[in-house]
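Coordinate-derived values only; no laboratory data. If you're wondering where the values come from, they're calculated on a predicted model, not measured in any experiment. Virtual Cβ from ideal backbone geometry, glycine too; neighbours counted across all protein chains shown.
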Amino acid sequence: MLFLSYDKENYEYALVRSKSSKYLWILSRKPTLSKEIISQLLKIAENDGINTADLIYSEYKSVDDINKN
């Protein structure tokens with residue numbers, strides 16, 4: 001695993017890729033990130049040679065939302 005970027009002030013998010021560039025993760029302590037931060041992270045990934053067009057975005061629910069069902 002290689003860290004490409006992370007929030008150096010608050011440790012709220014990180015951009016991580018596999019050694020082979022086959023896998024890329026945007027990790028966040030919160031369920032959502034601003035579009036601005038996501039855009040910045042995608043630029044970093046693209047500059048590292050990663051094709052971001054095929055990324056799969058997951059929608060996360062809070063534990064409270066999951067327990068309601």
Q) For Lys8, which lysines qualify as cross-link partners when the Cα separation must be under 21 Å and same-chain residues fewer than eight apart are set aside? A) Lys30, Lys35, Lys43
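Among the GluC sites (Glu not before Pro) within the stretch 8-69, which fall in a DSSP loop and have no more than 13 other Cβ atoms within 10 Å of their own Cβ? Write out the running numbers ahead of the final one.
Values: sites: Glu9, Glu12, Glu36, Glu46, Glu59; in loops: Glu9, Glu12, Glu59.
Answer in residue order: Glu9, Glu12, Glu59.
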Q. How far, in nm, would the chain grow between Lys61 and Arg29 when pulled straight, counting 0.36 nm per residue and subtracting the alpha carbon separation?
A. 10.2 nm
Q | 10 Å Cβ shell holding at most 13 others, DSSP loop, trypsin sites (Lys or Arg not before Pro): longest site-free stretch of the chain | A | 30-60
Q. On a 0 to 90 degree scale, rounded to 10, what angle separates helix 35-47 from the longest Cα axis of the chain?
A. 30
